[in-house]
Amino acid sequence: MQVTDIGNKEEGKVWHRKPAPGKGILVTVVRSAQQAKTVRFLHVTFDTTGDSFLAGDYHGNIYVFDISRNRFRLVQKTGQASTALAFNLRRTTEFLVALADYSIKCFDKDTKQLVSWMRGHEGAVSSISVHSSGRYAITTSSDTAQLWDLDSFQRKRKLNIRQSVGIQRVFFLPLSNTILSCFSDDSIFAWESDTLFCKYQLPVPESGPRIYYKAFAVTRDGKSLAAGGRSNLLHLWCLDSRQLVRVVQMPTQVRTVRQLEFLPDSFDGGASQTLGVLSQDGVMRFINIHTCKLLFHMGSHDDAITSATVSPNGRHVVAIMDNGSINVYSVQSLTQEYNKPPPPQVAVVSGGEADHDSSNLKVKVRSEIVQRPAKTSGRRMQTKVLRPPAGSAAEDKENELPAGLNKKRLVALLKAFGEYPAKYRMFVWRSLLCLPENHAAYSSLTDKGLHSAYLTLHDKYPIKSHKLQRGLQRVLSALAHWAAIFGETDYLPLVAFPFVKLFQNNPLLCFEVVATVIVNWCQHWFEYFPNPPLNILSMAENVLAHHDKELLQHLVDCGVTSQLYVWPLLETLFSEVLTRDEWLCLFDNVFSNHPSFLLMACVAYVICCREPLLLCSQKQDFEYFFHHRNNLDMGAMIKEAYRLMGSTPADLHPRTMLSDFTPLTKGQYPVFNHYPEFIVEYQSRERERIRLQEMEYLRERQEVSELRADCVRRQAEEEAYYAQQELLQQAEEQRRHILAQEEEKLTQQRTKLAAMKRELKVKELQLLDAARRRFLKHQQDLRASQIQKLDQEISRKMDLRERETATAVQDLEVRQMELEAQRKLLEQQLFKEQERVGREVEEEVEMRTRRAEREEDSYRELLHNTDTNLQGLEESLAEACQLGLESDWQREVAERLERVDAEQERKRHRLAELHRQTLAQEERLTNTLRDVAGRKWDEVMSTRAQLQEQRQPLSSADTDGQTQMRIRSPCSTRGLPHRPGATAAVNAGASTAGAHTVTGAAIGSAAPTTTTTTPRQAGASMVCLNNQSPSESASTNFSLDRGRAQLDSSERELMRDIRELRQKLAARAREASTVSSQSVQSLSSVSQ
């Protein structure tokens, strides 16, 4: 027994070596998880073919096991344990799984996808029944049953019952639209699936103990129902008559029936006779429900079965064991009596009145002999053992066949009906031929492989079915390995083919049937090998001559021998001239009679066809006749054969030449040497020699073919080379011709292109002239807009300049007012200081008046010269400043004209920069004036020092102080010609300097001579200070008016230049337009 542990594999092989024949258990499948724990399998179910089944384990994994292909595959992981499975839907790849959460899911085993999810049960689903059409399904739980439409996966109906009455099972009957519902009170109802109309109710047995139904099974034809429960009794119901037909009592070891399963049979037409009963002890017993005979059993107390499922084809049984594993059983290996027909029916006559009480239906199951008990009125069981009559044993001993059949009775049955029942024909043949079924000997023959004589059988005898082709090749090879003659016989495939086609599913029986036919019905066929068996043909010809001389004479006259009208029938065993049913009918009689019956059948065929044969005169017609089917009454032919068997004289009868039937020996097949061995050996040697020569010939032919192919290839290459060269030469000539044509076309195209170019050039010049005109007009418009913008900008700048000038004038006036206020303040201070100094030096003034007057005159002359020089310097400085301003304004105007589109912020920045430059120049000028004034003051101080050293009189010091005041005033007022800021600074500096001078003079003077100052001198001092303001104002106003006049003149000159530029541009545009129009006219005249 093989054990396959699938573990965590998702696919693999079910078994790793082919199970040996005769083994009941093919394979045991277990699934071990981590830590050597075994995962239990819970449910299994077969598909409609019976070749594969589903299995669900405790972890929710669903596997598909394909027995025919020896493969298993994991198709789904549900994550929870399954409670029921169904696999025979309309879509063969889909299956239903009932899970522990009370839901039903539909999956696809190929794509592993969830197809649908059905909910509605409030308890665990115990079973799923699918209609034979695959469209509907019934799911059953303890409290309800629901009908589902598997096309839409919607619930159609729901069966609710009282809590006191539980549901045992609800399922579809096969091949009908009837739903059978079984309840816990042993009531069974039948419903119409479309309308749910109650069709009938099976009557509950009133007599006998109550069974408490738990298990149910229905035959494939839906006519019989078996029910069992908590008892060793089984009830068999006939659903057509709705009556309890039999009560079967199981052995005493059975106390409770867990499961019932009918075992299908391919020959019973759906009326299964074998019922499997799984009891509480884990043993599943298979009984015949008609004979109540125990056929075989599965499982044991140590290896108990939990549940089992039978395949629809009846070949396998899959059982879930108590340890959680799966055992796959082969039904054919479990019992050899599985294919046997039931024994003859024996009527048991019992005394007493016939009643239909259920107690009279009880039959007890026995494992050895058939017992048919009948109950007396006191319900005491009496057992009668059926035994054959004692007197018939001796006379039927020679007619006894294996498996309990009697040849004499079979022949009587055959003569009565003309053929054996098709259902039991194979069984009868096996018994008539006494086939030994030598598995080991046959395996030794098949292990030798295909015989060399039949490697190319498909070439000579092509067969459409590959399976049939391989079967024929296998049987013929086994025959050739058994006897060498069969590898040399040409007609052996014709002999074996009908049996191969008939026994294609059992090659052992096929081989033994063919071997038996050869040994018995082909006696003396191979003595004249390789010629036809002339002795056998002579026997048939002698029989024909005895019974129909006229027909034989006609055949002789036409030149037709027995090799033409007997041998074609024998070498094909009538398979060419008879249909399948006729052939089976014929060989029912052949196998039931002496081997000479086959020759008599040939003669009978010829005699039955004498009318058409007498009409034939050509040899070809006879050949065609005996190789094709003809209209023939098979019954008449068999009767004629039997007539020939009985009326042929003993000296002509083939029985005297042919031995009686001899079956094959059991264990090893007999030695077959009824043939000329030297001829066979010679033919074998010749065949081997021919094979070697053929191989040598093939090798040489291969070499020659390779040489020929090489030669052909080289010749083809050479021809291809010359053809290629010729093509290249033709292509070169064609290319030159094409080039000449192309050059001519190119010349024409160039001429056309030149004309087009001229036209395009004229158009281009016209377009250029128009574009130039548009451009000139655009430029004129642009210049006009620019000039207009410049005019607007100039006017805006002029307005801005006027506003700036007005602002500057206002600033100067304000500054002038500030300076005037400062001057007045300074004059007041000076006046006070003069009064103080005057009081101090009054006495000295009086004392030095003369000297002061004289020195005053000299100083006046000196001062006059100094004033003249200073005035010239001031004028030159003013002119330089004016020129600088004019140049700056001109440069600024030029820059502004060039940068019309610049931003206002840049212009302000430039104006600020120019303003800073002007301030810097003014600052430099102011510093220059200050330096000059400083130098003059230094000279005055040096002169004063000299006067002090000479100790001049006080009058000269007073005169010197007044002279210094006069010098300070013009210096302070002449330094700022145009900038108010600078003017204020100079004036402030001058005033401060004068103040310091007076103070210094007062401090440094000697003792005063007089205490008062004359009015004239004081007035002169006042006039010197007060006259600074008008002179400074006049100088400032003059410089501003002069700058504005220059700006106006520059602006007028700029406008004049702009007007001249406009006139020049207009003249140039007119000249260009005139020239372009003249050029266009000249080009147009040239093109014309």
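Structure notes:
- When residues of region 239-290 are limited to those that are among the hydrophobic types (A, V, I, L, M, F, W, C) and not in a strand (DSSP E or B), the one modelled with the lowest pLDDT: PHE267
- Output for region 153-187, where each listed residue is of a type in the set (S, T, N, Q) and not in a loop (DSSP other than H, G, I, E, B): GLN154, ASN160, GLN168, THR178, SER181
- Within region 427-471, the residues that satisfy the criterion of being small (Gly, Ala, Ser) and under 46 Å from the mean Cα position of the chain (by Cα) are GLY449, SER465, GLY471.
- The residue of region 167-192 that is farthest from the chain's Cα centre (by Cα), among those that are closer than 18 Å to PRO205 by Cβ and open to solvent by 20 Å² or more (accessible area, probe 1.4 Å), is ASP185.
- The listed residues are GLY487, GLY471, and the only one of them that is modelled with pLDDT of 85 or more, buried (at least 18 other Cβ atoms within 10 Å of the Cβ), among the small types (Gly, Ala, Ser) and closer than 28 Å to PRO532 by Cα turns out to be GLY471.
- When region 894-910 is limited to residues that are open to solvent by less than 40 Å² (accessible area, probe 1.4 Å) and aliphatic (A, V, I, L, M), the one that is farthest from GLN786 (Cα to Cα) turns out to be ALA902.
- Residue identified as in a strand (DSSP E or B) and touching a His at 6+ places or on another chain (Cβ under 8 Å) among ALA137, ALA145: ALA137
- Put simply, of GLN779, GLN792, GLN729 the only residue that is farther than 30 Å from LYS1064 by Cβ and part of a helix (DSSP H, G or I) is GLN729.
- Meets criteria (hydrophobic (A, V, I, L, M, F, W, C), surrounded by fewer than 17 Cβ atoms within 10 Å (Cβ to Cβ) and either touching a residue at least 24 places away in the same chain (Cβ under 8 Å) or assigned to a helix (DSSP H, G or I) (or both)) for LEU883: yes
- Of everything in region 837-861 that is under 17 Å from GLN950 (Cβ atoms) and among the basic types (Lys, Arg), the residue that is surrounded by the most Cβ atoms within 10 Å (Cβ to Cβ) is ARG848.
- Test: residue in region 29-38 that is buried (at least 17 other Cβ atoms within 10 Å of the Cβ) and basic (Lys, Arg): yes
- Restricted to region 526-591, the set of helices (runs of 4 or more DSSP H) holding at least 1 residues that are in contact (Cβ under 8 Å) with a residue 12 or more places away in the chain and more than 30 Å from ALA484 (Cα to Cα) comprises 534-547, 549-557, 580-591.
- For ASP57, the conditions (1) open to solvent by less than 20 Å² (accessible area, probe 1.4 Å); (2) under 28 Å from the mean Cα position of the chain (by Cα) are fulfilled apart from (2).
- Test: residue in region 464-471 that is in contact with a Pro (Cβ under 8 Å, 6 or more places away or on another chain) and more than 20 Å from ASP447 (Cα to Cα): no
- Tabulated pairs, region 85-102, first charged (D, E, K, R) and assigned to a strand (DSSP E or B), second modelled with pLDDT of 85 or more and surrounded by 14 or more Cβ atoms within 10 Å (Cβ to Cβ), C-beta under 8 angstrom, 6+ apart or interchain: GLU94/CYS106; GLU94/PHE107; GLU94/ASP108; GLU94/LYS109; GLU94/VAL115
- When residues of region 154-166 are limited to those that are of a type outside the set (Lys, Arg) and modelled with pLDDT under 85, the one surrounded by the most Cβ atoms within 10 Å (Cβ to Cβ): LEU159
- Considered as a group, the residues in region 600-610 that are open to solvent by 10 Å² or more (accessible area, probe 1.4 Å) and at pLDDT 90 or above include one that is nearest to HIS547 (Cα to Cα), and that residue is ILE607.
- For region 495-504, taking the residues that are modelled with pLDDT of 85 or more and open to solvent by 50 Å² or more (accessible area, probe 1.4 Å), the one that is farthest from MET426 (Cα to Cα) is identified as PHE497.
- Scanning region 1-28 for residues that are open to solvent by 90 Å² or more (accessible area, probe 1.4 Å) and over 18 Å from TYR329 (Cα atoms) returns ASN8, LYS9, GLU10, GLU11.
- For region 625-640, the tally of residues that are in a helix (DSSP H, G or I) and open to solvent by 40 Å² or more (accessible area, probe 1.4 Å) stands at 2.
- Checked against the criteria, ARG91 does not count as over 14 Å from ASP47 (Cα atoms) and open to solvent by 20 Å² or more (accessible area, probe 1.4 Å).
- Screening LEU658 with (1) out of contact with any helix residue (DSSP H, G or I) (no Cβ under 7 Å at 6 or more places or on another chain); (2) assigned to a helix (DSSP H, G or I); (3) open to solvent by less than 50 Å² (accessible area, probe 1.4 Å) gives one miss only, at (2).
The values are calculated or read from the model by the stated rules, or taken from the named source; none is laboratory data. On a predicted model such as this, the values are computed, not experimentally measured, just so you know. Cβ atoms come from the backbone with ideal geometry, glycine included; neighbour counts cover every protein chain shown. Areas reflect the complete protein model, heavy atoms only, side chains present, ligands, DNA and RNA absent. Shrake-Rupley method; radii C 1.70, N 1.55, O 1.52, S 1.80 Å.
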